[in-house]
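Here is the structure we will look at, set down as C-alpha cells.
The values are calculated or read from the model by the stated rules, or taken from the named source; none is laboratory data. These numbers come from a predicted model, not from an experiment. With ideal geometry, Cβ positions are generated from the backbone for all residues, glycine too; neighbour counts draw on all protein chains shown.
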Ligand SMILES: NC(=O)c1ccc[n+]([C@@H]2O[C@H](COP(=O)([O-])OP(=O)(O)OC[C@H]3O[C@@H](n4cnc5c(N)ncnc54)[C@H](O)[C@@H]3O)[C@@H](O)[C@H]2O)c1
Ligand SMILES: O=C(O)[C@H](O)COP(=O)(O)O
C-alpha cells in the first residue's frame, strides 16, 4: 500500500512531522508559499496540516484532487471553506482544547498590561527616560470583568480573573444559569455588560451575529474608562470606532491580539498612546504548540491510515456498516438543526429530535449529533457531531430523542423542536427517493424546499402583489433567485417564503425587504 502524503503548510512544532512519519505517512514541511504555489502543489497530497496562515479556498480545494483531510493545529477554522470541503468529501478537523489555556493566559496578560501600561512604560524606560510620574495604573482587584463569550477560553479567563479577585459577568446566549454558577460568573445581557464592565474581553468566534459586536453604537454604551481586550478574532470590534473612543479617552485602553485584516500592517489604532497589540500570539506558547501539533498529527494519521475520525467538524464518527444507511439523514439532520438555530431566538432550553417511519429504525445518536452540531455551529467554531451533544448538555440544553415507528404522511421523517422563551418552534424534513433531503415543514407551515447555500426566509401577510415586490427588490439589487418556495397557514393569513439565492444577501437589502409592505420577518440563512 502506498503511504499517504501529508503537507504541513504553516509553521508547526516538529512533533507533528515526527508523529506523521511514525504513523506511516510521508510528510513535507513547506511553509510560507503563495496561494498560487500551494495550488500548484496540493494535488499530490492526501492530507494538509495548517494553522491560521494558510487559507483553504475553493480554488485550492478544486486543485486538491487527492485531498482527504485538512487538520487545523488550533481552534479557529475561519480560514477553511468547510462547506466546500464537505462537498468535496474532505474531512476538516481541529484541535479544540490544545491552546485554550495559553490563549486565556494571553488575554489575562493583555488585561494586566493595560492596567499598568507595561509596554509603554517599558519602551520609555529603555530609552533612558525613567518616566515614573507618567504612569499611574489601576488595580484589577474588585473591578468588574465582562466576558463576551464564555465557552472554553472564556471560562478559563473567568477562573483566572476570579483568582485575581475580580467580579466576572458574562454575555453568552448559550450560557445557562447553572453553568454560569458553576464557573462563578453572573450571566447578563449585552447592554448590562457594556454598562457595568471595567474591563471587557472577547471570546467568541467570528459569525454573522458577533461581527462588530463592539460597534460604534455598542462602544458608546460602555462605561467611561473601560479597557478592552480581544484575543479571539479580528472583526469582533469596529477598529475605526475603537480608535475614536481611545482618542476621546472614553475607552481608557485597548489590547488586540487579532485584527480585521491580518497580517495587520497598518491600522487607525497604531500609534495611539493607550493602545497595545501583539501579532496573533494568543496560541504561541511552547506548551500549546506541542499540544496542537501532536493532536493534529495523531488525528490526521489515524484517519488516513485507519479511517478513524476524531474532532471532525463536518463528519460524524460512524461504523463502516451503519454509514451508508445513515449518510443521507446526516445532512438532513444537520440542516434542520442549523435552520431552527438560525430562526429561533432567545435562550434555547430544550430540544427534541423525533424520528418517524423508516428513520425510527436508525441509530439515534449520530442523527442527534448532527442536529446539535447544526444548531450550535453558529455559536462555536469548535463544535462537531461528536462533541455537540456533550457541549449542549454541559450548557444545560435538555435533549430528547423520540422514535415513532408508525409512518405519518411521509414514509420517513425527522422533526426538530426547540423550546424558546417564546414557546416551541418546530421544523421537519424527509428524504425523497431515500437519498434527497427536503424540508417539509417550518414552524407549523407546510413548505417543500432543499436547504442549501444562501437562502432568505420571509414571513409576510398573505396578500396579492407581495411576490412581485420581493422579486423586484432582489432583481434591482442584482441578486439572482435560484428557487422559490411558498407555504401558508390559511388563505389571507400568514405566508412563508423561502428563496435560494446565488450570493449572500447584503444587510442593506435585508433592511429594504423588512420595510416592504406586509413583511413581518426577514432572515438571511446559510447552509
Ligand atoms: N488569538 C488566538 O491565537 C486564539 C487562540 C485560540 C482561539 N482563538 C479564538 O477564540 C475564540 C473562542 O474560542 P473557544 O475555544 O473559547 O471557543 P468556544 O466555542 O468554546 O466558545 C465560544 C463561545 O462564544 C459564544 N458565542 C457565540 N456567539 C455568541 C454571541 N453572539 N454573543 C456572545 N457569545 C457568543 C458561544 O456560545 C461559546 O460559548 C475562537 O474564535 C477562536 O478561534 C484565538
Ligand atoms: O484559533 C486558533 O487556534 C488561534 O487563532 C491560533 O492561531 P495560530 O495557530 O495561527 O496561532
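Table: residues versus (1) within 16 Å of ligand 1 (Cβ to nearest atom); (2) modelled with pLDDT under 95.
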{"position": "56", "(1), (2)": "yes, no"}
{"position": "68", "(1), (2)": "no, yes"}
{"position": "74", "(1), (2)": "yes, no"}
{"position": "78", "(1), (2)": "yes, yes"}
{"position": "85", "(1), (2)": "no, yes"}
{"position": "103", "(1), (2)": "yes, no"}
{"position": "108", "(1), (2)": "yes, no"}
{"position": "119", "(1), (2)": "no, no"}
{"position": "130", "(1), (2)": "no, no"}
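Note on region 504-527: residues that are part of a strand (DSSP E or B) and either within 23 Å of the chain's Cα centre (by Cα) or surrounded by 15 or more Cβ atoms within 10 Å (Cβ to Cβ) (or both) total 6.
Of the residues 270, 259, the single one that is assigned to a loop (DSSP other than H, G, I, E, B), on the phi < 0 side of the Ramachandran plot and over 24 Å from the mean Cα position of the chain (by Cα) is 270.
The residues listed here are 202, 190, 206; of these, the one that is within 9 Å of ligand 1 (Cβ to nearest atom), surrounded by fewer than 23 Cβ atoms within 10 Å (Cβ to Cβ), under 22 Å from residue 383 (Cα atoms) and not assigned by TED's automatic domain parsing to the domain that holds residue 346 is 206. Between 263, 268, the distinction of being assigned by TED's automatic domain parsing to the domain that holds residue 112 and away from ligand 1 (no atom under 14 Å from the Cβ) belongs to 268 only. For region 117-188, the helices (runs of 4 or more DSSP H) that sit wholly inside it and include 3 or more residues that are within 30 Å of residue 95 (Cα to Cα) are 152-163, 177-183. Looking across region 67-79, the residues that are more than 11 Å from ligand 2 (Cβ to nearest atom) and either part of a strand (DSSP E or B) or within 19 Å of residue 36 (Cβ to Cβ) (or both) come down to 67, 69, 70, 71. Scanning region 270-287 for residues that are surrounded by fewer than 19 Cβ atoms within 10 Å (Cβ to Cβ) and over 22 Å from residue 52 (Cα atoms) yields 270, 271, 272, 273, 274.
Does residue 80 satisfy the criteria of being surrounded by 15 or more Cβ atoms within 10 Å (Cβ to Cβ), touching a residue at least 24 places away in the same chain (Cβ under 8 Å) and under 26 Å from the mean Cα position of the chain (by Cα)? So residue 80 fits the description; yes. Would a scan of region 150-166 turn up a residue that is outside the structural domain of residue 525 (by TED's automatic domain parsing), under 23 Å from the mean Cα position of the chain (by Cα), under 19 Å from residue 267 (Cα atoms) and more than 16 Å from ligand 2 (Cβ to nearest atom)? Checked region 150-166: no residue is outside the structural domain of residue 525 (by TED's automatic domain parsing), under 23 Å from the mean Cα position of the chain (by Cα), under 19 Å from residue 267 (Cα atoms) and more than 16 Å from ligand 2 (Cβ to nearest atom).
Only a single item in (1) touching a helix residue (DSSP H, G or I) at 6+ places or on another chain (Cβ under 9 Å); (2) surrounded by 14 or more Cβ atoms within 10 Å (Cβ to Cβ); (3) not assigned by TED's automatic domain parsing to the domain that holds residue 481 is not met by residue 456, and it is number (3).
Only one residue in 222, 207 is more than 16 Å from ligand 2 (Cβ to nearest atom), in a loop (DSSP other than H, G, I, E, B) and touching a helix residue (DSSP H, G or I) at 6+ places or on another chain (Cβ under 6 Å), so which one is that?
Working: 207 fails: more than 16 Å from ligand 2 (Cβ to nearest atom).
Of 222, 207, the one residue that is more than 16 Å from ligand 2 (Cβ to nearest atom), in a loop (DSSP other than H, G, I, E, B) and touching a helix residue (DSSP H, G or I) at 6+ places or on another chain (Cβ under 6 Å) is 222.
Could we say that residue 355 is surrounded by 18 or more Cβ atoms within 10 Å (Cβ to Cβ), out of contact with any strand residue (DSSP E or B) (no Cβ under 9 Å at 6 or more places or on another chain) and either on the phi < 0 side of the Ramachandran plot or not in a helix (DSSP H, G or I) (or both) here? When the stated conditions are applied, residue 355 does not pass them.
For the structure I just gave you, tell me whether residue 31 is surrounded by fewer than 18 Cβ atoms within 10 Å (Cβ to Cβ) and assigned by TED's automatic domain parsing to the domain that holds residue 151. Against the criterion (surrounded by fewer than 18 Cβ atoms within 10 Å (Cβ to Cβ) and assigned by TED's automatic domain parsing to the domain that holds residue 151), residue 31 does not qualify.
Scanning region 85-100 finds no residues that are assigned to a loop (DSSP other than H, G, I, E, B), farther than 24 Å from residue 301 by Cβ and touching a residue at least 40 places away in the same chain (Cβ under 8 Å).
Somewhere in region 77-89, is a residue under 29 Å from residue 309 (Cα atoms), in the same structural domain as residue 260 (by TED's automatic domain parsing) and in contact with a helix residue (DSSP H, G or I) (Cβ under 6 Å, 6 or more places away or on another chain)? The answer is no, given that none of the residues of region 77-89 is under 29 Å from residue 309 (Cα atoms), in the same structural domain as residue 260 (by TED's automatic domain parsing) and in contact with a helix residue (DSSP H, G or I) (Cβ under 6 Å, 6 or more places away or on another chain). Checked against the criteria, residue 482 does not count as farther than 28 Å from residue 347 by Cβ and assigned to a loop (DSSP other than H, G, I, E, B). Any residue in region 46-53 that is in contact (Cβ under 8 Å) with a residue 40 or more places away in the chain and more than 16 Å from ligand 2 (Cβ to nearest atom)? Looking through region 46-53, at least one residue is in contact (Cβ under 8 Å) with a residue 40 or more places away in the chain and more than 16 Å from ligand 2 (Cβ to nearest atom). Between 505, 458, 479, the distinction of being in contact with a strand residue (DSSP E or B) (Cβ under 8 Å, 6 or more places away or on another chain), under 23 Å from residue 335 (Cβ atoms) and touching a residue at least 60 places away in the same chain (Cβ under 8 Å) belongs to 458 only.
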